[in-house]
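The values are calculated or read from the model by the stated rules, or taken from the named source; none is laboratory data. Quantities reported herein were computed from a predicted structural model and do not represent experimental measurements. No Cβ is skipped: glycine too gets one built from the backbone with ideal geometry, and neighbour counts run over all protein chains shown.
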């Protein structure tokens with residue numbers, strides 16, 4: 001199991017990014033959360049099978065159809081044993 005924190009910059013709020021990310025995570029069996037940050041970025045924490053987490057990170061590099069991703073930061077973190085994927089406020 002691995003964990004990644006992903007911060008996605010660009011035109012990524014108000015385009016369904018969080019909902020689409022949660023749907024993608026559920027399809028991949030990835031646990032974690034996604035939230036809109038005050039600075040306009042979207043932050044994702046993903047835990048699970050290494051291949052599935054990397055697929056979600058790859059998805060985040062372009063996001064949903066109307067997103068315009070300009071930059072993505074990925075940080076390795078220690079897994080915490082999360083049990084589901086949530087959309088945070």
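Okay, here's what the table says:
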| quantity | calculated |
| --- | --- |
| Only listed residue being touching a strand residue (DSSP E or B) at 6+ places or on another chain (Cβ under 7 Å), buried (at least 18 other Cβ atoms within 10 Å of the Cβ), without any contact (Cβ under 8 Å) to a residue 60 or more places away in the chain and over 21 Å from residue 89 (Cα atoms), chosen from 29, 48 | 48 |
| Condition broken by residue 35, with the remaining ones in (1) at negative phi; (2) surrounded by 17 or more Cβ atoms within 10 Å (Cβ to Cβ); (3) touching a helix residue (DSSP H, G or I) at 6+ places or on another chain (Cβ under 9 Å) satisfied | (2) |
| Hey, residue 66 assigned to a loop (DSSP other than H, G, I, E, B) and either in contact with a strand residue (DSSP E or B) (Cβ under 7 Å, 6 or more places away or on another chain) or buried (at least 19 other Cβ atoms within 10 Å of the Cβ) (or both) or not | no |
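Residues checked against (1) at pLDDT 95 or above; (2) touching a helix residue (DSSP H, G or I) at 6+ places or on another chain (Cβ under 8 Å); (3) not in a strand (DSSP E or B):
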{"residue": "5", "(1), (2), (3)": "yes, no, no"}
{"residue": "19", "(1), (2), (3)": "yes, no, yes"}
{"residue": "26", "(1), (2), (3)": "yes, no, yes"}
{"residue": "54", "(1), (2), (3)": "yes, no, yes"}
{"residue": "81", "(1), (2), (3)": "yes, no, yes"}
{"residue": "86", "(1), (2), (3)": "yes, yes, no"}
